[in-house]
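The values are calculated or read from the model by the stated rules, or taken from the named source; none is laboratory data. In this text, all values refer to a predicted model and were calculated from it rather than measured experimentally. FYI the Cβ positions are ideal-geometry reconstructions off the backbone, even for glycines, and counts take in every protein chain you see.
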Amino acid sequence: MRLSKSLCTVVGQVLATTGSHAALDIIYQTAGAPGDPPDLSHGTKWKEWLFRAGIDPNVDSLAVLGNVLEEFMDIPPDKGIPEFAEWKEKRTRIEIALEENGLRYFRFGRILPQGQSPSQLEHHPIPMNSSFPAKPSSVEELLNVILRGLRRAMHPLTHRRKGSQPLIFSNEYDVQDLLHAILRPWISDIRPEEFTPSYAGSSTRMDFLLPAHTMVIELKFVRDRAHAKRIGDELIIDIEHYRKHLQCNFLWCVIYDQDQLLTNAEGLRTDLEGSRTMKHGELAVKVLVL
């Protein structure tokens with residue numbers, strides 16, 4: 001569905017006030033916005049990226065729009081503070097823009113044409129020519145979807161229904177457990193915390209070994225600024241350990257940086273990604289910063 005320029009403008013203007021370039025880049029990318037971020041000013045970048053999603057025939061534009069808006073629409077500031085009234089005004093502005101385009105927002109990032117409801121959608125089979133994402137054809141495609149969507153997967157768990165205890169993802173183990181749970185329906189043999197061969201007199205536990213794919217996933221949680229400065233060195237040592245493991249030909253280094261403490265994430269990725277030669281072959285390293 002084509003998204004009108006007026007709707008994209010309203011959404012872009014509202015979201016531009018909620019975060020930095022880096023923060024909104026992550027939201028748009030995990031929402032499924034196509035291509036690289038437009039090289040535009042903070043005031044115009046977000047509406048242009050949405051409009052581009054709306055004219056791309058390979059993109060489910062309503063899904064992207066809903067994913068982009070989910071956090072803003074579903075998480076109000078505390079009542080009684082000045083920010084709450086401002087948030088409510090901006091939320092109403094978005095609802096009016098959606099209504100003018102024949103659309104309506106539902107909780108958890110669902111945007112549907114007026115007259116439809118999520119319950120109706122759940123009882124109708126998806127047509128074969130639907131623009132919903134297809135089943136991943138490779139483990140790499142699967143990991144890209146799951147890892148880039150981790151933050152969205154956390155959302156309904158951290159903002160649960162009234163009376164339910166919310167889950168908090170405050171450390172490395174919390175995020176690793178969520179990733180493990182999401183992977184299990186897709187990959188039958190996942191071996192967490194298996195030891196690597198010794199390097200420089202010590203060995204380490206790998207986070208997840210996927211033997212059928214000769215792959216390891218290593219997830220790092222950036223705890224504070226001091227840890228952000230050390231994380232590259234930690235991964236260099238980990239890579240040397242994995243080079244000696246006979247069942248590891250592919251290594252995914254996933255860095256979860258929820259507070260944006262890394263000062264040069266792109267430089268870190270560029271330095272670590274690539275192939276390393278081993279006695280039994282090559283180790284291909286991929287780095288993903290969330």
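With the requirement that a residue be among the aliphatic types (A, V, I, L, M), assigned to a strand (DSSP E or B) and at pLDDT 90 or above, what does region 260-288 give you?
Going through region 260-288, the residues among the aliphatic types (A, V, I, L, M) turn out to be 261-262, 265, 268, 272, 278, 283-285, 287-288.
Right, trim to assigned to a strand (DSSP E or B) and you get 278, 283-285, 287-288.
Within region 260-288, Ala284, Val285, Val287, Leu288 meet the criteria.
If the condition is being more than 18 Å from Thr158 (Cβ to Cβ) and either at pLDDT below 90 or among the acidic types (Asp, Glu) (or both), then region 70-95 contributes Lys79, Gly80, Ile81, Pro82, Glu83, Glu86, Glu89, Glu95.
Given the criteria closer than 17 Å to Val11 by Cβ and assigned by TED's automatic domain parsing to the domain that holds Ala16, does Gly66 qualify? Considered against the rule, which asks whether it is closer than 17 Å to Val11 by Cβ and assigned by TED's automatic domain parsing to the domain that holds Ala16, Gly66 comes out as yes. Asn67 meets the conditions (1) within 21 Å of Arg104 (Cα to Cα); (2) within 14 Å of the chain's Cα centre (by Cα); (3) at pLDDT below 90 in every case but one. The failed one is (3). Of the set (1) in contact with a Phe, Trp or Tyr (Cβ under 9 Å, 6 or more places away or on another chain); (2) assigned to a helix (DSSP H, G or I), all apply to Ala33 but (2).
Restricting to region 65-85, count the residues that are within 24 Å of Arg161 (Cα to Cα) and assigned to a helix (DSSP H, G or I).
13
Against the test of being at pLDDT below 85 and of a type in the set (Val, Ile, Thr), the options Ile126, Ile182, Ile187, Ile168 yield a single qualifying residue, Ile126.
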